[in-house]
Amino acid sequence: MSTTSSLGYPRIGKQRELKFALEKYWAGKIPAQELFTIAAKLRRQQWITQSENQIQILPSNDFSLYDQVLDTTWMVGAIPARFQQLKSQISDLDLYFAMARGWQNETEQFAAMEMTKWFDTNYHHIVPEISRNQKFFLNDLKPVNEFIEAKNAGFITRPVLIGPVSYLLLSKTADSAFSPLEALPNLLPVYCELLVRLVEAGAEWVQIDEPCLVLDLDEKTHTKFSKAYDQLHAVPGIHILLATYFDGLGENLSALVKLPVDGLHIDLIRAPKQLEEVLSVIPENMILSLGLVDGRNVWCTDLEQAIQLAKLAANKHGSDKLQIAPSCSLQFCPYDLDLEIEIDPEIYSWLAFARQKLVEVSVINAVINGKEESVTQILAKNKKIITNRAISNKVHDSQIQQRLKEVENSDYQRHGSFEQRKQIQSAVLNLPPLPATTIGSFPQTGEIRKQRALFTQGGLSLEAYEDFLKQEIADTIRVQEELGLDVLVHGESERTDMVEYFAEQLRGFTLIHHGWVQSYGSRAVRPPIIYGDISRPAPMTVKWARYAQSLTAKPVKGMLTGPITILQWSFVRDDQPREITCRQLALALRDEVQDLQTAGIKIIQVDEPALREGLPLHHAEQKAYLNWAVDCFRLVAGTARDETQIHTHMCYAEFEDIIDAIIRMDADVISIEASRSGMELLEIFRHFQYPNDVGPGVYDIHSPRIPSTLEIVDLIRKALQVIPAEQLWVNPDCGLKTRRWEEVLPSLQNLIAAARLYRRMLPA
Ligand code: GLN
Ligand code: ZN
């Protein structure tokens, strides 16, 4: 008999309980003990929900107070040297959070560890920092403790660990002559010790996640895998399920099946074709876990199709050696569709969130175990839903499809070259050298949230709400003028979220109202769902941009979220290529650029913070993606006149593999994340002559810490070593909406002071 399993479950809380508890704890409003109690309650609820929905193999240690990679760093004692000295001053819990968020008091400052996207998801993990002589030790027993906690609650779980090889592959090091993977021999004993402790606590299986196994790996790395698993396998009494997800195993398969593990999980949503190949090489006794239900999207599974795959596996490998599972952890899915009563009933019928996906897993499992008659009704209903969605006129709009066909090559082109545009723009805008600007949003204060909630609940008229927003915009403009910024923004107070705001106004989207998905730490998002062809019934941002610009003589940036980012941060259609959906989005945004321009907006920023994370994990597919992604951006910007300055913004530093694409986007100005990684990204600018203007972030907005003028001066100095002053802008790393005014004002003051200091030193 096959069994049902889950690789991980959402943990932020159905009502974002974890978020609120964390934020209260950080604000000093609740003690650590209360945070722990809330966390334990959430874990317990996870196990109850999964087991109530017929999941037999439950995960533990999939919970985290902040991030599972940071948990691993903490567990193996890889605390970066700069935090060691904090150890005597603050509690362990605070040290853990300090690593994620930075820490400061009157006299000392500790910069946070870097944060980056978890593979091609919108979840962020904290990047481990590994030094050449890194010592590891078992610093914490979280996996054991949570296993025991589950056991005491009556659940025997399969603890989830991040595999040692993936952990090191995701690490960074300051020492360029050293690769973190070389630290593997030092790290493995810690994993072995942990496994021993898990066995002592009663664990029989562990799930070790090695998502790096879906990347293109060389033979050296394969050898590391076999060394690692030889050693882990030697721990008596524990069975290892090696979990891979987000793509197929490709070239790694032959090396992988030789690893001495007891089970293998494969993602059959991203790579259904790998099943036959896996079946032909998998050792006879190895457990095979089939990822048949999409852990990254919200659509009902086509059960007939999934069952077909499962049957194929059962015939070849034997159903007793099969596990039926979601494709990856369900942490990327919203909790429960039952809460979404606002969604159009037809669209609602096409959807499945985390809890519904558990049910799908159990239905597939029932069929494989010969209990088809117990689920015939569900299967029949599923078939109807799948057919209905395929032909629904909510999905298909021939006019939009036609417009897309009519796009011409010239639509992707700005009129003049960058040099020509720069000249025209500098005459129009008349900016000082090293112009200072921000990325768009200003603090989303409690007051803004209160007024918005009042308005959505009907306690405030549209007129009164809009008056409030106008006042917010006016205040934000005034503050920026007082600070002395050169290019202003309206502050985005009308937007709950940079994607949701557009999704609300575009056709082809539906919003999720209650389904939060963790983005990082205490931050959660509600990605909208793209279910049909996309169009723009009316201008979306023009009113606010025009109003903001009317209040000042300085240029105010029009602020749009780019097509790739909207695509990437939404749950997308799985019935057509992402590329087509993205091109439809681009056309809608192109019309918005056109309208902003007509309204007299001179600078338009098209944010593309998600460009990098959309990159396919396999090299072979990356070029095609970058081509259409760049096309889409150019289709949006291509309608801008030469005097209209197009900005873009991205918030990460890994540029090496996409720098060519970024150059091809041909934005007049790009702002990027840089401060957290200490301007590491500037190395790239040393090697590539980036032709257009660029603003590497000099203020890490992901941390509450206020950077000093001196610190910012130092970052600008570093930037000027590789970027000519004529091309350099001064700005924060990202938008300021998550920060408080008390943090933002002094930080921006320091930023402007630093920019001015340099302006005085520049030759006239
Ligand atoms: N304009 C957006 C803001 O400032 C950009 C946010 C982002 O890049 N994630 O909030
Ligand atoms: Zn950003």
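Bear in mind these aren't lab numbers, they're just calculated from the coordinates by the rules spelled out. Just so you know, these numbers come straight off a predicted model, no measurement behind them. For neighbour counting, all protein chains shown are included, and Cβ atoms are generated from backbone atoms with ideal geometry for every residue, glycine included.
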Task: Filtered GluC sites (Glu not before Pro), region 97-206: DSSP coil and at most 14 other beta carbons within 10 Å - done: E106, E108, E204
Task: Dipole of region 537-614 [Lys/Arg +1, Asp/Glu -1 at C-beta], most positive-end residue of Q594, P555, L611 - done: P555
Open item on the list: For a bin width of 10 Å, list the pair-distance distribution of the chain built from all Cα-Cα distances, rounded to whole %.
Closed with: 2, 13, 24, 26, 20, 11, 3, 0, 0
Task: Expected-Rg normalisation [2.2 N^0.38 Å, Cα atoms] applied to region 597-695 - done: 1.10
Task: Distance between region 208-279 and region 188-207 - C-alpha centres, whole angstrom - done: 19 Å
Open item on the list: At 7 Å along Cα-to-Cβ for each site, give me the label-to-label distance between D94 and D660 in nm.
Closed with: 5.0 nm
TODO: Pop the C-beta distance of R756 and D336 into the FRET formula with R0 = 56 Å and round what comes out to the nearest 0.05.
DONE: 0.60
Task: Order of R101, R740, R760 - criterion: other Cβ atoms within 10 Å of each residue's Cβ, fewest first - done: R760, R740, R101
- [ ] Between L312 and F688, take the C-beta separation as r, use R0 = 60 Å, and let me know the FRET efficiency to the nearest 0.05.
- [x] 0.80
Open item on the list: As a test, work out the antiparallel percent of DSSP beta bridges whose residues both lie in region 412-562, rounded to the nearest 5.
Closed with: 65 percent
- [ ] Between E463 and Q749, with labels modelled 7 Å along Cα→Cβ, what's the label distance in nm to one decimal, could you check?
- [x] 4.0 nm
TODO: Starting from 0 in steps of 5 Å, tell me what percent of the Cα-Cα pairs of region 508-559 lands in each bin.
DONE: 4, 15, 13, 13, 14, 18, 15, 7, 1
Task: Cut-off under 5 Å, modelled amide H: who pairs with D397 long-range - done: D533
Task: Reachable lysines, given that their alpha-carbon falls under 27 Å from the alpha-carbon of K151 and they are not under 8 places away in the same chain - done: K14, K19, K41, K142, K321, K357
- [ ] Take the alpha carbon gyration tensor of region 99-235, find the square roots of its eigenvalues, order them as a ≥ b ≥ c, and report rounded if a/c is under 1.5; if not, report prolate when a/b exceeds b/c, else oblate.
- [x] oblate
Task: Size of electric dipole in region 526-626: Cβ of Lys, Arg +1 and of Asp, Glu -1, about Cα centre, debye, nearest 20 - done: 460 debye
Open item on the list: Can you give me the C-alpha center-to-center distance between region 680-720 and region 420-451, rounded to a whole angstrom?
Closed with: 17 Å
TODO: Assuming R0 = 25 Å, can you tell me the calculated FRET efficiency for the pair R197 and K135, based on Cβ-Cβ distance, to the nearest 0.05?
DONE: 0.85
Task: region 503-634: C-alpha gyration tensor shape, a/c 1.5 cut-off, then a/b vs b/c - done: prolate
- [ ] Count the DSSP beta bridges whose two residues both fall in the chain, then state the antiparallel fraction as a percent rounded to the nearest 5.
- [x] 20 percent
Task: Inter-centroid distance (Cα atoms) of region 487-563 relative to region 568-605, Å - done: 11 Å
Task: Positive-pole candidate from F353, P31, L339, dipole of the chain, charges at beta carbon - done: P31
Open item on the list: For the chain, what does the helix formula give at 222 nm: sum of -39500 (n - 2.57) over DSSP H segments with n ≥ 4, over the residue count, nearest 500 deg cm²/dmol?
Closed with: -13000 deg cm²/dmol
TODO: About the Cα centre of region 311-414, how large is the charge dipole given +1 on each Lys and Arg Cβ and -1 on each Asp and Glu Cβ? Please answer in debye to the nearest 20.
DONE: 480 debye
Task: Neighbour-limited loop hits for GluC sites (Glu not before Pro), region 266-372 (at most 11 other Cβ within 10 Å; DSSP other than H, G, I, E, B) - done: E284, E342
